[in-house]
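Each remark here refers to the structure printed beneath this line.
Derivation of every value follows stated rules applied to the coordinates shown; laboratory data play no part. Worth saying up front: this structure is predicted, and the values here are computed from it rather than measured. For neighbour counting, all protein chains shown are included, and Cβ atoms are generated from backbone atoms with ideal geometry for every residue, glycine included.
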Amino acid sequence: MNDKKETPHIKPNGVEIAETILLPGDPLRAKFIAETYLENAQQFNSVRNMFGYTGTYKGKKISVMGTGMGMPSMSLYSWELIHIFGVKNLIRIGTCGAIQDHMNLYDLVLAMGASTDSRYVHQYNLPGEFANIASFELLDKAKKAADQKGLPVHVGNILTSDIFYNADPTALEKWQKMGILSVEMETAGLYLNAAYAGVNALTILTVSDHILRREQTTPEERQTAFTNMMEVALELA
Ligand SMILES: O=P(O)(O)O[C@H]1O[C@H](CO)[C@@H](O)[C@H]1O
Ligand SMILES: O=c1cc[nH]c(=O)[nH]1
């Protein structure tokens with residue numbers, strides 16, 4: 001499909017990139033997924049150590065690649081994957097900080113929508129506000145897969161923020177009041193790129209921190225919780 005193509009950030013050297021790709025923020029999480037779950041995995045990217053791999057899962061071709069942190073990084077990788085390499089289904093798998101009382105560490109979040117404090121959408125010059133939403137087809141499949149595995153899962157609106165360390169201590173309370181489930185830093189850019197290109201996107205998150213309760217997972221605890229999220233995402237291949 002995309003044998004000789006390359007971009008400033010992705011050089012596959014002839015290794016195919018599948019139409020469905022999992023996108024963790026951390027490139028080492030991409031390596032872990034390839035080594036743990038994929039058969040016949042081949043590496044297709046190492047530019048800037050943003051590792052990417054293609055292999056098969058339950059007989060279906062799937063790729064996985066890191067995106068880095070924040071909207072600019074996610075947006076440039078997802079743009080290249082969509083427009084240069086023909087990727088059609090983009091599934092972010094990441095961590096988030098919960099801001100609702102009924103949520104707990106390790107819960108899964110399916111981002112039906114992604115509100116944002118970023119200005120990325122302004123490039124489209126829309127005559128109004130745009131709702132950054134997931135592909136219903138991917139969302140529905142992921143919800144069914146999570147339910148089948150008996151995992152605690154929340155579906156709703158998240159916040160994609162440009163700010164990890166916010167100078168305004170009241171900012172998250174305002175988003176909490178609007179029903180936002182949790183905070184991360186990439187999804188709105190992914191959903192906007194997907195909407196503009198007419199392809200499918202979904203974000204699946206694991207709660208790694210409860211921001212308002214000041215709870216955190218340890219690195220060891222995260223490993224197990226993250227495999228739940230990965231196994232749900234792999235069912236979308
Ligand atoms: O675990 P990842 O996918 O990197 O996601 C979250 O973690 C990073 C911040 O620590 C941000 O990228 C945020 O979105
Ligand atoms: O609190 C958190 C945890 C993960 N990712 C974020 O962006 N914020």
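Descriptive notes on the structure:
- Spin-label proximity, Arg213 to segment 160-176 - amide N less than 20 Å from point 7 Å beyond Cα toward beta carbon: 172-176
- Applying the Karplus relation 6.51 cos²θ - 1.76 cosθ + 1.60 with θ = phi - 60° to segment 215-220 yields 3J(HN,Hα) values of 9, 9, 8, 8, x, 5 Hz, where x marks Gly and Pro.
- Nonlocal amide H pairs with Ile17, under 5 Å, H built at 1.01 Å: Asn2
- Fluctuation leader among Asp101, Asp209, Asp168 - the chain, Gaussian network, Cα springs under 10 angstrom: Asp168
- Considering helices alone, the calculated mean residue ellipticity of the chain at 222 nm is -9500 deg cm²/dmol, with DSSP H runs of length four and up weighted by -39500 (n - 2.57) and normalised per residue.
- Rounded to the nearest whole Hz, the Karplus-based 3J(HN,Hα) values (6.51 cos²θ - 1.76 cosθ + 1.60, θ = phi - 60°) of segment 129-142 follow the sequence 8, 9, 8, 7, 10, 7, 5, 5, 4, 5, 4, 4, 4, 5, with x at glycine and proline.
- Potential extension, Ala171-Leu126 segment - 0.36 nm per residue separation minus Cα distance: 13.6 nm
- 5 angstrom amide H check on Val153, placed H, neighbours 5+ away: Leu108
- Cut-off under 5 Å, modelled amide H: who pairs with His210 long-range: Ala98, Glu215, Gln216
- Within the same chain, lysines fewer than 8 places from Lys5 are excluded, and of the rest, those with a Cα less than 24 Å from its Cα are Lys31, Lys60, Lys61, Lys88.
- Candidates Ala195, Ala18, Ala34, ranked by Gaussian network fluctuation over the chain, Cα under 10 Å, top entry: Ala195
- Zone of Asp117's modelled label, taken as backbone nitrogen in segment 91-106 under 18 Å from a point 7 Å along Cα→Cβ: 96-100
- For the chain, a Gaussian network of Cα nodes joined below 10 Å ranks Asn166, Asn89, Asn40 by mean-square fluctuation, and the top entry is Asn166.
- Percent of Cα pairs exceeding the 29 Å cut-off, where the set is segment 20-234: 19
- Hydrodynamic radius by Kirkwood, which averages 1/r over all alpha carbon pairs of segment 149-228, in angstrom: 14.6
- Under 12 Å, Cβ to Cβ, from Glu231 - net charge with Lys/Arg +1 and Asp/Glu -1: +1
- Separation of segment 189-237 from segment 92-135 is 11 Å, based on Cα centroids.
- Residue exposure sequence - Arg214, Arg48 - by fewest surrounding Cβ within 10 Å: Arg214, Arg48
- Computed 3J(HN,Hα) for segment 92-100, one whole-Hz value per residue from the Karplus formula 6.51 cos²θ - 1.76 cosθ + 1.60 where θ = phi - 60°, is 6, 10, x, 10, 8, x, 6, 10, 10, glycine and proline marked x.
- Cβ-to-Cβ counts within 10 Å put Ile133, Ile180 in ascending order as Ile133, Ile180, the fewest first.
- Taking a ≥ b ≥ c as the square roots of the eigenvalues of the Cα gyration tensor, an a/c ratio of 1.5 or more together with a/b larger than b/c marks segment 29-114 as prolate.
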